[in-house]
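The values are calculated or read from the model by the stated rules, or taken from the named source; none is laboratory data. Just so it is clear, the model here is predicted, and its values are computed rather than measured. Cβ placement follows ideal geometry from the backbone for every residue including glycine, while neighbour counts extend to all protein chains displayed.
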Amino acid sequence: MIKKVLKRILTLVVILVILSFFVFALMYIAPGDPAEKRLTSQGVAVTKKVLDAERERLGLMKPFLVRYGEWLFSIIRGDFGISFKDDMPVAPKLLQGLGRTAVLALTSLAVSLITSFLFAVASVLKKDGIADRIIKVFSFVSNSLPNFLISVLLMYFLCIKLKLFPVIAKGDLKGLLLPVLSLSIPMIGRFIRQMRAEFLSEMSKDYVAGMRGRGVKTGYIMFNVIRNSLGHIFTIIALQTGTLMGGSVVIETIFRWPGIGKLVMDSITARDYPVIMGFVVIMGTIYLIINQIADVLSHRLDPRPES
Amino acid sequence: MKKKKLKAKIIILSVLALLLLLMTCFAGLVAKNDPNATSAAAIRTAPCADYPFGTDNLGRCVFSRVLYGGRTTITATFFLVAVSFAAGTLIGMICGYHGGIIDGILMRIADIMLAFPQMVVAIAVAGILGGGMKGAMIALGITMWVSFARLARSHTFSLKKEAFIKAALIAGKGDIYIIIVHILPNLLAPVLTNALTQIGTTMIGLSGLSFLGLGVVPPTAEWGSMISEGRAYIQIAPWAVLYPALATLITIIIFNCLGDAVMDYREA
């Protein structure tokens, strides 16, 4: 048991180190000089002397591996460096953004899970019925909708045509609704498809036929089917969190929700590398941990050895 | 019976997809206005005879821009899928055929690629590379080849055990000959199906990056960036957003439907 846990943690650490190296290398080869960008944005006349001093101050003159090592050890300590844009430490900015993003992402996840679970069960109970067909079409269309498209369409129809909502989110409950809807709709489509397929494959198993033959009530059969599919559903959810993270960048930018996604987009425009790197490392870590947890949970729920 | 129905569906969808491709390929013949020509006299004109889809903030014809924008999006998507398909299949076949240390290393790399949240990495990569369609394509391509490689690898593995491969080996054929003549044609169908299902996702990814300003460079027309630009004045000129949005939606749905239908057909 302990050996297994250690192995998982070790894999996680190795992947994270690779991720961090990848991000750092990318920033290293990136076009544009952050020192120059900084100076021009401050209105300083760029001469070679000023530029070198600025590079020295930002630590851009040291060799690649030294810089990587220093950066890696400082992020392990929770120090994500100083923003190139305003000299403020990056970590508090990222944390603050992350909190707001978590509110948005978790609400969307909850909304999508509840809705798609109900839809998937309804669709499976009467396979090929009218409800099933409607749900299938809905899940197909919503799965094909990029979330920037949904948010623009929602904005147009709900905010401008029907004037139900303010165009710019304020951070209150009403402001949360449109971003949550935009994030949820494509996710609901994917969840329904996957859950439906999962339930159907479980229902084609012999034990379900046996229960039916013995006259067991449909509700009880469904209870068993759902319980047995839970492991796979956890995996599905965990994999979706990656899409959710990418989607929240888009949605936060559109609705000006001050989360980590909007922060990273602003930082990309300003070439504020420490923030971008911190963003990838934090999101990557969260994603990896969630997927590891889902993996453990699905093994717990289905203790049969993997084939 | 089911197979026949699916076949009809595939044919209809293929015709639609082809029509779409032709429309964007021959955009110059269909659209009479220059997509990049600005006109101060015709700013934000509502749809009319001269401008079937109206004009945008700079007086550019939205109809022409939707057609030319489709060319940008669709070409980039097909190119990216084709490159990932070629690279992934090649890597997968080599891994599956040779096994051993090459297989171990390449498949670990593939595992690591799948361990990252794809869109997060794509946004960061495209952002750091500094925009441009090339950057966006690299950003998405980094992880795209993996699904092709895995699929090709598993098929090569099972093909290797077949008698006709053993016969070819005994006949003294070289490894490259066997891979090209015996393995590639036999795994082409499933891998091509995968390519088809990837088109929709790739299009969503590319136009999403363009929407964020990390894809195509203005003034080149592209659906994602058109929607992003038009968003600012959607209250005055909704057509500048709604038409490219509709085009995106229809295209993605057609290709997703086609992918699903082909997959169902192969399973039926």
Looking at segment B:94-123 only, could you name the residues that are within 18 Å of B:I204 (Cβ to Cβ) and either over 22 Å from the mean Cα position of the chain (by Cα) or small (G, A, S) (or both)? B:A122
Any residue at all in segment B:30-46 that is assigned to a helix (DSSP H, G or I) and under 27 Å from B:G200 (Cβ atoms)? yes
If I filter segment A:98-111 for residues that are closer than 26 Å to A:V14 by Cα and exposed (fewer than 12 other Cβ atoms within 10 Å of the Cβ), do I get at least one hit? no
Going residue by residue through segment A:176-194, is there one that turns out to be outside any helix (DSSP H, G or I) and either farther than 30 Å from B:A261 by Cβ or touching a residue at least 40 places away in the same chain (Cβ under 8 Å) (or both)? no
Note on segment B:125-135: residues in contact (Cβ under 8 Å) with a residue 12 or more places away in the chain, in a helix (DSSP H, G or I) and either facing another protein chain (nearest Cβ under 7 Å) or small (G, A, S) (or both) are B:V125, B:A126, B:G127, B:G135
When you scan segment A:205-242, how many residues do you find that are small (G, A, S), closer than 21 Å to A:S123 by Cβ and within 14 Å of chain B (Cβ to nearest Cβ)? 0
Quick check: anything in segment B:202-211 within 23 Å of B:M133 (Cα to Cα), more than 11 Å from every other protein chain (Cβ to nearest Cβ) and part of a helix (DSSP H, G or I)? yes
On the given criteria, is A:I276 part of a helix (DSSP H, G or I), facing another protein chain (nearest Cβ under 10 Å) and more than 14 Å from A:A105 (Cβ to Cβ)? yes
Looking only at segment B:57-82, count every residue that is surrounded by 16 or more Cβ atoms within 10 Å (Cβ to Cβ) and among the polar types (S, T, N, Q) and tell me the total. 4
Looking at (1) under 30 Å from B:E222 (Cβ atoms); (2) touching a helix residue (DSSP H, G or I) at 6+ places or on another chain (Cβ under 7 Å); (3) within 14 Å of another protein chain (Cβ to nearest Cβ), can you tell me which one B:I112 breaks? (1)
Looking at this structure, is A:V5 at pLDDT below 85, in a helix (DSSP H, G or I) and more than 14 Å from chain B (Cβ to nearest Cβ)? yes
Going through B:L169, B:L159 one at a time, which residue ends up being buried (at least 17 other Cβ atoms within 10 Å of the Cβ), farther than 21 Å from B:A110 by Cα and modelled with pLDDT under 90? B:L159
Residue check, B:G99 surrounded by fewer than 19 Cβ atoms within 10 Å (Cβ to Cβ) and either touching a Leu at 6+ places or on another chain (Cβ under 9 Å) or away from chain A (no Cβ under 13 Å) (or both): yes
Give segment B:195-224 a look and list any residue that's surrounded by fewer than 22 Cβ atoms within 10 Å (Cβ to Cβ) and over 18 Å from B:T75 (Cα atoms), or say none. B:G213
Residue ID - surrounded by the fewest Cβ atoms within 10 Å (Cβ to Cβ), chosen from residues in segment B:225-243 that are within 9 Å of chain A (Cβ to nearest Cβ) and under 21 Å from the mean Cα position of the chain (by Cα): B:S228
For segment A:284-303, indicate whether the set of residues that are touching a Leu at 6+ places or on another chain (Cβ under 6 Å), away from chain B (no Cβ under 11 Å) and either closer than 21 Å to A:V180 by Cα or in a helix (DSSP H, G or I) (or both) is non-empty. yes
Identity of the residue in segment B:124-136, touching a helix residue (DSSP H, G or I) at 6+ places or on another chain (Cβ under 6 Å) and surrounded by fewer than 24 Cβ atoms within 10 Å (Cβ to Cβ), that ends up farthest from B:T197 (Cα to Cα): B:L129
Filter segment B:47-56 for residues that are of a type outside the set (S, T, Y) and surrounded by 12 or more Cβ atoms within 10 Å (Cβ to Cβ); the one that is nearest to B:Y233 (Cα to Cα) is B:D56
Members of segment B:83-109 that are in contact (Cβ under 8 Å) with a residue 40 or more places away in the chain, over 20 Å from B:I142 (Cβ atoms) and aliphatic (A, V, I, L, M): B:M93
